[in-house]
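This report concerns only the one structure given below.
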Amino acid sequence: MSGAQAPVVGIVGSGGAYGRWLRGFFQSRMGLEVIGHDPVDAASQTPEQLLERADVLLFSAPIRHTPALIDEYARRSDGRERGRLWLDVTSIKSAPMAAMLRSQASVAGLHPMTAPPKAPTLKGRVMVVCEARVQPHWQPWLQRLYAALEAECVPATPEHHDRVMALVQAMVHASHLAQAGVLRGYAPLLGELQALMPYRSTAFELDAAVISRILSLNPAIYEDIQFGNPHAGEVLDRLLEQLQQLRAQLADGSDAARAAFRRQFLDDNRQAVGEQALRDGNYSFERLGYLLADLTDTRAMSVHLPEDRAGSLRELLHVFERHGISLSSIHSSRTPGGEVHFRMGFAQRYAPEVLDAAAREIDHSGIGRVLDR
């Protein structure tokens, strides 16, 4: 074993989306040797090879199968895991961590609050950390791992994590999936989602984006978040209760029902959320609204800067300055392949020949590659 300084990392589920992302992260960002096992990859290592060689064993498998899978690895390991570190990255923590604690390894549970990103790290994202049993010699390496991931780490117990996830994930996903069902039902009368977008408010556009995100990713994950969290049913009962009370007030329609609505759904909730959280949340909503408005404005040009070096963006901005083009916004995004694209919004509409001249200079100078305008 290479130990806690430069451990060999074994990934159970190395062929899945997160398994592939984690392999790249450990290799490129931490310089570690990574081995893995996955039934979908005939060329991967065997479970026995992982147990023999891996100092850090990380479980990245479907939630519903993870506890039994951990128990199977503990049975096969038969004590060899003593002194090593076992991790998991599932969205439910109590059952997987209980299974890992039945082994003799050090144990920590990680939950990145995002699908595998296009970026090389989790910068700007949250990761919940449940350290249940970590021997002192693993603590420095775990801190290096957290620093390399660049996530905002939030400590929690497995029980608290699962209760919070019933709100943060199960309730949010269920609400949007229910909205998707209502939209599907109204589609024959009013048109599908795309036909409704010309009438969008910022709130509707954000909800439509969440619906589209959920329906675009692995359905097994969303299924397990509902069925695998023992607290999800209780939260959905409370959500249904709130909706039923609102529906009853609408059916009543009286001034008393309106007063009850204002008190229960507006005044009481406003007080419960608190003034500071309301200000912060409202500001976030306004920023997202401005962002969406920028991204739908057709007065823009998208450019890929192939060289990730200091000064590249400044050189690009100088091109627009030389051609007399004033910018109103600059936004960056990543393609599925990980390329960083900059979208330049213009303060006004410019003649095509002005934009063509700027685009030619960008392309011919080697600063970047114009994608669209």
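To the nearest Å, what is the center-to-center distance of region 77-146 and region 196-223, using C-alpha atoms only?
Each part's Cα centre sits 30 Å from the other's.
How far apart, in nm, are two points set 7 Å out from the Cα along the Cα-to-Cβ line at LEU292 and at MET113?
2.1 nm
First measure r as the distance between the Cβ atoms of MET197 and ASP363, then evaluate 1/(1 + (r/R0)^6) with R0 = 35 Å and state the FRET efficiency to the nearest 0.05.
On the way: r = 33 Å, r/R0 = 0.93.
The formula returns an efficiency of 0.60 here.
Could you order CYS130, CYS153 by accessible surface area, starting with the largest, using a probe radius of 1.4 Å? Please report the intermediate quantities before stating the final value.
Numbers: CYS130 0, CYS153 50 Å².
Most to least solvent-accessible, the answer reads CYS153, CYS130.
Of the listed peptides 195-205, 25-35, 94-104, 166-176, what is their order by residue-averaged count of other C-beta atoms within 10 Å, with the highest listed first?
Details: 195-205: 12.1, 25-35: 16.3, 94-104: 21.0, 166-176: 18.6.
Answer by packing, highest mean first, reads 94-104, 166-176, 25-35, 195-205.
Report the full-extension gain for the segment ALA257 to GLU48: residue separation times 0.36 nm, less the Cα-Cα distance, to one decimal in nm. Walk me through the numbers on the way to the answer.
On the way: separation 209, 0.36 × 209 = 75.24 nm, distance 6.54 nm.
Length difference between fully extended and current span is 68.7 nm.
Run the dipole for region 161-291 about the Cα centre, Lys and Arg Cβ at +1, Asp and Glu Cβ at -1, nothing else charged, and hand back the magnitude in debye, nearest 20.
That gives a dipole near 260 debye.
Would you mind getting me the FRET efficiency between TYR283 and ALA68? Use the beta-carbon distance for r and R0 = 45 Å, nearest 0.05. Before the final figure, lay out the partial values.
On the way: r = 45 Å, r/R0 = 1.01.
Between TYR283 and ALA68 the formula returns 0.50.
Assuming R0 = 45 Å, what is the FRET efficiency of HIS160 and LEU313, from their Cβ-Cβ distance, to the nearest 0.05? Don't jump to the answer; show the numbers that get you there.
Working: r = 42 Å, r/R0 = 0.93.
That gives a FRET efficiency of 0.60.
When only C-alpha pairs under 8 Å and at least 6 residues apart count, what is the relative contact order of region 106-231, in percent?
Numbers: 104 pairs, mean separation 26.6, N = 126.
Value for region 106-231: 21 percent.
For a test of the definition: using alpha carbon positions, the gyration tensor, and the 1.5 limit on a/c, classify region 9-156 as rounded, prolate or oblate. Could you put the intermediate results ahead of the total?
Numbers: a/c = 1.39, a/b = 1.17, b/c = 1.19.
Here region 9-156 falls in the rounded category.
Compute the accessible area per residue over the chain, keeping the other protein chains in place, probe 1.4 Å, unit Å². Write down the numbers at each step before the final one.
Values: 20680 Å² over 373 residues.
That works out to 55 Å² for each residue.
Roughly speaking, what is the stretch gain from VAL172 to ASP356, that is 0.36 nm per residue apart minus the C-alpha to C-alpha distance, in nm to one decimal? Mind dumping the intermediate values first?
Numbers: separation 184, 0.36 × 184 = 66.24 nm, distance 4.49 nm.
That pair, VAL172 and ASP356, stretches by 61.8 nm at full extension.
So, with a 1.4 angstrom probe, what is the percent of accessible area on the chain that is carbon and sulfur? All intermediate terms of the calculation are to be shown ahead of the outcome.
Numbers: 11320 of 20680 Å².
Within the chain, the accessible surface is 55 percent carbon and sulfur.
Where the centroid of each part is defined by its Cα atoms, how far is region 154-181 from region 301-350 in Å?
Distance between centres, Cα-based: 37 Å.
Let a ≥ b ≥ c be the square roots of the eigenvalues of the Cα gyration tensor of the chain; is it rounded (a/c under 1.5), or, if not, prolate (a/b larger than b/c) or oblate? Please report the intermediate quantities before stating the final value.
Values: a/c = 2.21, a/b = 1.16, b/c = 1.91.
Oblate.
Obtain the nm distance between the two label points defined at ASP372 and ALA17 by a simple spin-label model: each point lies 7 Å from its Cα along the Cα-to-C-beta direction.
2.2 nm
For GLN49, what charge total do you get from the other residues with a beta carbon under 14 Å from its beta carbon, if Lys and Arg give +1 and Asp and Glu give -1? Numbers along the way, then the final one.
On the way: positive: ARG53, ARG76, ARG80; negative: GLU33, ASP38, ASP41, GLU48, GLU52, ASP55.
Its environment carries a net charge of -3.
Subtracting the Cα-Cα distance from 0.36 nm times the residue separation, let me have the gained length for GLU223 to GLN264 in nm, one decimal. Before the final figure, lay out the partial values.
Numbers: separation 41, 0.36 × 41 = 14.76 nm, distance 3.17 nm.
Length difference between fully extended and current span is 11.6 nm.
Put +1 on the Cβ of each Lys and Arg and -1 on the Cβ of each Asp and Glu in region 185-301; which of GLY228, ASN282, LEU246 then has its Cα farthest toward the positive end of the dipole?
Checked the options; the winner is ASN282.
The values are calculated or read from the model by the stated rules, or taken from the named source; none is laboratory data. Everything numeric in this text was worked out from a predicted model, so none of it was measured. When we count neighbours, we look across all protein chains shown, and the Cβ atoms used for this are built from the backbone with ideal geometry, even at glycine. Only protein heavy atoms, including side chains, enter the accessible area calculation; ligands, DNA and RNA are left aside. Shrake-Rupley method; radii C 1.70, N 1.55, O 1.52, S 1.80 Å.
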